[in-house]
Every structure is written in C-alpha cells, then in structure tokens.
Amino acid sequence: MGTDTVRTDAADEAAGRRREQRGWYFYDWACSVYSTSVLTVFLGPYLTSVAEKAADADGFVHPLGIPVRAGSFFAYSVSLSVIVAVLVMPLVGAAADRTGRKKPLLAVAAYVGAAATTAMFFLGGDRYLLGGVLLVVANAAQSVAMMLYNSYLPQIAPPEERDAVSSRGWAFGYASGSLMLIVNLVLYLAHDSFGVSESTAVRICLASAGLWWGAWALIPLRRLRDRPSAGDRGTRPAGAMGFRQLAATIRDMRRHPLTLAFLLAYLIYNDGIQTVISQASIYGSEELGLGQSTLIGAVLLVQVLAVAGALGMGRLARIYGAKRTILGSLVAWTVTLAAGYFLPAGAPVWFFVLAAGIGLVLGGSQALSRSLFSHLVPPGKEAEYFSAYELSDRGMSWLGPLLFGLTYQLTGSYRDAIISLVAFFVIGFVLLARVPVRRAIDDAGNPVPTTI
C-alpha cells in the first residue's frame, strides 16, 4: 500500500513536471518572434529610414542635443537597451530570489516588452525618438524576461532531463520565428494586394510580433508555478542584494581563474555574434541595397541552417572536442565577415551564401560554448555561475553595436563597420586557445571527459 502510494505520488509529480515543461516551451515560442522579426529583420532598416527622414542636411539627428549620424541611431539604441537591461536584471533577480515569486515578475517583463513592441505600429514619419525609446524598453524587457524564464529550467527539469528540455525550448523558438517570418514575408511582398503601403506593412509586422508575444505568453504564465524562496534573505534592498550576489560570484570565480578566462573569451566572441545578428539587416539594406523580402528570406535561411549547423557541430565536437570545434567556428565567422566586406551591392545570391555561412556556425558556436562552460562550473554552484554567465553576457553585448555605430559614424561606411567586428572573433579565438580546458575542468572539481 505504501509502495503504491509512493508510485502514485511519483507519477503525479512527473505528470505535473511535464505539464510545466510544456508550458515553459511556449515562452520561447512567444518571445522569439520579437528577436527574429523585430530586432533582426524589420526594425533596424525601418528605424534607420525614419531617422534619415528626421536628419539635418549633414545626415545627423540630435537626440537630447547630441549629434548622431542617422545610420548609427539603431546601433546606439541597441547598446543603450543592453545597458538598461544590465542595470535592471540584478534588481529583478534579487527580488525573484528573495520572494520566490518569479511568475509575476516574468509577467510584468513580458507584457512591458510586448506592449512596447505593439506600440511600434505608431512609428511613422520622422518619429525616430519614439522608435528609440520603444526599442530600449522592449529589448531591456526581453532580456529581463529571458533571465527569469531561463531560471525556471533547474526547477522544472532534473539534471538528466535538462539538455532535452532546453533543446526543445530552443527548437520551439526557431520554429516560431520561422513561421512568423513566412507570414511577414507574404504581407510585405503582397502589401498592395492587402491595400496597405510598404511602410504600413512593416509597422503591422512589428506590431504583430508584440501581439504574438503577449498572446502566447499566457500559456507559460498559466502553467509555470512559483516555489518558496530558499530562505529568509533579510531586509536589504533587492538591488543591493543583486549586485552583492553578483560581486560574490565574481570573487568566487577568481578562485577558478581558468573558468574566468574561458568566460572572458566567450563574452568577447559572443558579442561579435550578437552584433552580426542585430546589424546584418542594416548592412544588407543600406550598404548592399537589398530589399526587405531578400532580408527576410536570408534570415529564414539562417533560422533553418542554425538547427542543422548546431547538430553538425555537435557531432564534430564528439570527434574533435568542443574547444577545437568552437575555435573552428570562430575561424568560420572571421572568414564569413571578411567575405561580407567584399560582397557586391545588389547581389542577393551572394548575400544568401553569406547567410548560409552564418546559419551553419550560429547555433553550434553558442550551444557548444554553453555546454563547455558547464564543465568549468564547480559542483553545487551551477545556478550561481550560470546567472553570472547570462548577466555578464548581456553586460558585454553593448560593445559590438557601439563599435559598429562608431565605425560608421567616423567613416560613413557600413563595410568598414562590418569588418570592424572581426576583432571580436580574433581576440576571442586567441583567448580561448590559451585556456587549457582539461586543467580548467579538473581545477573546477569535475571529471574530465575523454574528448573535450
């Protein structure tokens, strides 16, 4: 009787966990459309065109009286949004840990982001400042929401299930982004048939991402549940606790300098990756003169090949080790950017070739970096170290857009701006190559895999 009760309880617990996991997947389904349709495809070129309409005779706009080249405004806005996110994340993270009520905070972040994205429908004429504000709010809210979303993974999946659960969420996001891009492409290409202008079609695509985000977020918010906090955290302000915990984690990392060395290498080359993703559409539209339909098709190609590339690089890692495979991907990123510098204008076929190269290395370089880092985390400190990993990642990812924007501001050339990003991959390669990963894993107190 007692055994049957235990089995029943275990079955009920497993069923509840599976239900939560299925709900968790749907947040990636909800929010990935923002990253793909808004940030990667439509907003960069459109906000740049709006800024150009508001620019003076020399091509500058003047937010808060600061002269900014119109072509750099989007990149600077992305950088500012990341800085805002880094300031807010420790406050929200500490509040979530102290109260154990992550779901209400996730709801606030998700719906602030969804509302700001939906409001992009009103981004017309020369309202570049409105576009910049909405971008900063939406992007910062997305970062905060993703931090809270990712922190659920250890709670809804035991260690043996986490790889599979995390991968399914990732797959849901790529599927969602691809699906909505197809819908956006139909609307954009056939906007005359729908009786709307090209500008209106773009604004509908932007707003639809916000509506999609808000609607599908209802599923995870219904299925995820809050857990009691780990204990009394005292009465210190959440912000002080957040930054205090981050500082404590960094101090602990100093006792594992090889882990810290890998993290530094990752932060640098991943900043390059994130900047290529966010700025590629501007390069394609402004420098190469490609149409929006070509850009959407290229992003769709990246989405599909990113999955295949991740699986292929995973197989390579089993043969050659994760470190060598990541180093190979950084060489591929460098070659791809160098090829991008020489792409002829008005040649969509070569832009698709470039997109294929990005897709094949995109998913794998990020997935293998995360898995390699997991070997370098001291046992029992997984959540703490991965929290710092994500926060530090966001904290560094403003440098790439800033360099891109500054290079364009100084040279007036998007080709110079795109080639400047090679520095992130070269420096990241050198730093990663210097990390003795086997010794780093052993120093962290973990068993060293046969192939790493």
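With N residues in the chain, what two-decimal value do you get for its Cα radius of gyration over 2.2 N^0.38 Å?
So the chain has a normalised radius of gyration of 0.99.
Report the extension gain between Asn446 and Arg255 in nm, rounded to one decimal, defined as 0.36 nm multiplied by the number of residues separating them, less their alpha carbon distance.
Here the segment from Asn446 to Arg255 would lengthen by 67.3 nm.
Could you size up the charge dipole of the chain around its Cα centre, putting +1 on the beta carbon of Lys and Arg and -1 on that of Asp and Glu, and report it in debye to the nearest 20?
It comes to approximately 1100 debye.
Using only Cα atoms and rounding to the nearest 10 degrees, what angle (0 to 90) does helix 422-433 make with the longest principal axis of the chain?
Approximately 20 degrees, to the nearest ten.
Any idea of the accessible area per residue across the chain, 1.4 Å probe, to the nearest Å²?
43 Å²
Using the crude model of +1 on Lys and Arg Cβ and -1 on Asp and Glu Cβ, and no other charge, please compute the dipole size for the stretch 1-147 relative to its Cα centre, in debye to 20.
Its charge dipole is roughly 240 debye.
How many percent of the accessible area of the stretch 59-200 is carbon or sulfur, using a 1.4 Å probe?
70 percent
For Val353 and Leu311 in one chain, what is 0.36 nm times their gap in residues minus the Cα-Cα distance, to one decimal in nm?
Extra length from Val353 to Leu311 when fully extended: 13.1 nm.
Where does the stretch 271-352 land on Rg/Rh, using Cα atoms and the Kirkwood Rh?
Looking at the stretch 271-352, the ratio lands at 1.02.
Per the helix-only calculation at 222 nm, which mean residue ellipticity applies to the chain, given -39500 (n - 2.57) for every DSSP H run of n ≥ 4 and division by its residues, nearest 500 deg cm²/dmol?
-26000 deg cm²/dmol
Using only Cα atoms, find the angle between the long axis of helix 322-341 and the longest principal axis of the chain, and express it within 0 to 90 degrees, rounded to the nearest 10.
Value to nearest ten degrees: 10.
Give the residue from Val448, Trp24, Leu80 lying farthest towards the positive end of the charge dipole for the chain; charges sit on Cβ (+1 for Lys and Arg, -1 for Asp and Glu) and the dipole is referred to the Cα centre.
Most positive-ward Cα: Val448.
Rounded to the nearest 10 degrees, what's the angle between the helix 128-151 long axis and the longest principal axis of the chain, both from Cα atoms, 0 to 90?
20 degrees
Just how far, in whole angstrom, is the stretch 135-151 from the stretch 422-450 if you go by their alpha carbon centroids?
First find each Cα centre; the distance between them is then 29 Å.
Which whole-number percentage describes the relative contact order of the chain, with Cα contacts under 8 Å and a sequence gap of 6 or more?
The value is 24 percent.
Treating only the Cβ of Lys, Arg, Asp and Glu as charged (+1, +1, -1, -1), what charge dipole size does the stretch 36-109 show about its Cα centre? Round to the nearest 20 debye.
So the magnitude is around 520 debye.
The values are calculated or read from the model by the stated rules, or taken from the named source; none is laboratory data. Predicted, not measured: the structure shown is a model, and the values here were computed from it. Counting neighbours? That spans all protein chains shown, and the Cβs are built from the backbone with ideal geometry, glycine included. Ligands, DNA and RNA are excluded from the accessible area calculation, which covers all protein heavy atoms including side chains. Shrake-Rupley method; radii C 1.70, N 1.55, O 1.52, S 1.80 Å.
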